[in-house]
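These notes concern the structure reproduced below.
The values are calculated or read from the model by the stated rules, or taken from the named source; none is laboratory data. This one's a predicted model, so the numbers in the text were calculated from it and none came from an experiment. Positions of Cβ are generated from backbone atoms using ideal geometry, with glycine treated the same way; all protein chains shown enter the neighbour counts.
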Amino acid sequence: MSDPEPIEQAPLIAVVGATASGKTGLSLELARRLDGEVINADSMQLYRGMDIGTAKVTPEQAQGTPHHMIDLLHVTEEASVADYQTQARGAVAEVRSRGRTPILVGGSGLYVRSALDVIEFPPTDPQLRAQIQAQLEEEGVVALREELREADPETASAIKDERRLVRALEVIRLTGRTFTSFMPQRVYEPNLKPVVQLGLRVDRPLLHERISARVHQMRQSGLLEEVRDLEAEGLRSGRTASAAIGYHQFLRVVDGLQTEEEAVQDTIVATRRFARRQETWFRADPRITWLDAPDAQLGDYAMEAIRRQTG
């Protein structure tokens with residue numbers, strides 16, 4: 001008697017692109033068409049209470065579509081891409097176990113890669129990191145940059161901020177390997193296949209308009225009140241959450257350092273810069289099928305792309 005044919009699992013669909021490009025709308029349409037469930041890949045949507053400023057999907061928008069990897073962390077906690085990888089892949093397996101289609105959606109490039117690709121995360125050592133941080137404060141950034149330049153010139157040329165500098169030195173001292181050596185190749189995790197990545201491409205002037213409109217809507221929806229509520233929950237002590245675009249700017253309003261209108265304009269500028277970085281990140285991945293948005297037939301084009309790649 002011959003072995004039974006393996007049951008083909010539902011494809012893992014990833015919807016990626018810049019902020020305000022329409023990822024949420026397309027993911028919900030695909031969920032309806034493919035009997036799917038959505039898995040969040042926006043690092044800031046992991047935080048409870050950060051709803052307005054992250055454009056988190058509302059129950060009215062979701063219309064019953066299950067969402068995963070949302071509201072997992074308190075604003076004082078640090079998001080970990082390694083933890084996200086484990087949990088997101090667990091969510092993919094759960095969705096598939098129900099015979100449904102997992103739809104990963106978000107614009108946090110490293111989080112998307114961590115979910116989809118073969119990727120190794122370097123270990124951490126809080127005590128060692130604290131030692132390096134103390135060295136930074138005592139000796140200054142120049143000395144540590146020189147150490148990194150000698151050990152890992154490729155990483156040294158790319159790192160601009162002190163936090164990543166400390167992390168790179170932590171990895172080198174802990175493992176004896178360069179930070180660069182942990183950079184992943186573009187290879188899907190075999191157990192996740194088939195995988196289809198769809199990227200949304202919006203003309204730059206229109207994307208800027210959409211970003212501006214979104215930020216103004218966030219203000220009208222009560223972003224300042226949301227920031228005040230989160231501040232009472234300890235937002236300032238959370239390094240990741242407090243630095244999030246919109247929240248950082250509106251904390252300055254709470255402190256009386258700028259007006260609400262100034263915070264809106266600063267948030268628009270910061271979001272546009274972030275969108276450019278997102279576009280650069282995702283354009284570098286040749287596996288992504290790009291779809292022009294917005295378009296009344298976007299869902300049809302997406303479904304056709306999925307059919308082409310999954311047979």
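Among the residues examined, residue 78 qualifies as closer than 30 Å to residue 230 by Cα, in contact with a Ser or Thr (Cβ under 8 Å, 6 or more places away or on another chain) and surrounded by fewer than 20 Cβ atoms within 10 Å (Cβ to Cβ).
Going residue by residue through segment 261-277, is there one that turns out to be in a loop (DSSP other than H, G, I, E, B) and more than 24 Å from residue 43 (Cβ to Cβ)? Before the answer, list the steps.
Step one: filter segment 261-277 for residues in a loop (DSSP other than H, G, I, E, B), giving none.
No, that holds for no residue.
Of the numbered criteria (1) closer than 18 Å to residue 307 by Cα; (2) at pLDDT below 95; (3) of a type in the set (A, V, I, L, M), the one residue 1 fails is (1). Checking segment 131-145 against the condition returns no match, with no residue being closer than 30 Å to residue 13 by Cα and without any contact (Cβ under 8 Å) to a residue 60 or more places away in the chain. Under 6 Å between Cβ atoms, which residue pairs at least 6 apart in sequence (or on different chains) link something in segment 180-205 that is assigned to a strand (DSSP E or B) with a partner that is surrounded by fewer than 14 Cβ atoms within 10 Å (Cβ to Cβ)? Sorted first by the residue in segment 180-205, then by its partner, the pairs are 201/292.
Residues of segment 242-297 being under 19 Å from residue 26 (Cβ atoms) and aliphatic (A, V, I, L, M), which ones? Correct list: 275, 288, 291, 293, 296. Filter segment 107-118 for residues that are touching a helix residue (DSSP H, G or I) at 6+ places or on another chain (Cβ under 6 Å) and more than 21 Å from residue 162 (Cβ to Cβ); which is surrounded by the fewest Cβ atoms within 10 Å (Cβ to Cβ)? Only one residue fits best here, namely 109. Restricting 279, 233, 260 to residues that are surrounded by 19 or more Cβ atoms within 10 Å (Cβ to Cβ) and of a type in the set (D, E, K, R) narrows the list to 279.
Note on segment 17-48: among residues that are farther than 25 Å from residue 77 by Cβ and of a type in the set (A, V, I, L, M, F, W, C), the one that is farthest from the chain's Cα centre (by Cα) is 34. Scanning segment 30-50 for residues that are surrounded by fewer than 20 Cβ atoms within 10 Å (Cβ to Cβ) and either farther than 29 Å from residue 121 by Cβ or in contact (Cβ under 8 Å) with a residue 40 or more places away in the chain (or both) yields 32, 33, 34, 35, 49.
Could you list, in sequence order, the residues of segment 27-38 that are among the aliphatic types (A, V, I, L, M) and under 23 Å from residue 246 (Cβ atoms)?
Taking segment 27-38 first, the residues among the aliphatic types (A, V, I, L, M) are 28, 30-31, 34, 38.
Listed by number, the residues that qualify are 28, 38.
Checking each residue in segment 225-260 for being over 23 Å from residue 211 (Cα atoms), part of a loop (DSSP other than H, G, I, E, B) and not charged (D, E, K, R) picks out 234, 238, 256, 257. Taken over segment 82-93, the criterion of being in contact (Cβ under 8 Å) with a residue 24 or more places away in the chain and either part of a strand (DSSP E or B) or farther than 22 Å from residue 230 by Cβ (or both) is satisfied by 82, 85, 88, 89, 91, 92.
The set of residues in segment 120-167 that are of a type in the set (A, V, I, L, M, F, W, C), out of contact with any Phe, Trp or Tyr (no Cβ under 8 Å at 6 or more places or on another chain) and not in a helix (DSSP H, G or I) contains only 159. Residue check: is residue 246 on the phi > 0 side of the Ramachandran plot and within 19 Å of the chain's Cα centre (by Cα)? So residue 246 fits the description; yes.
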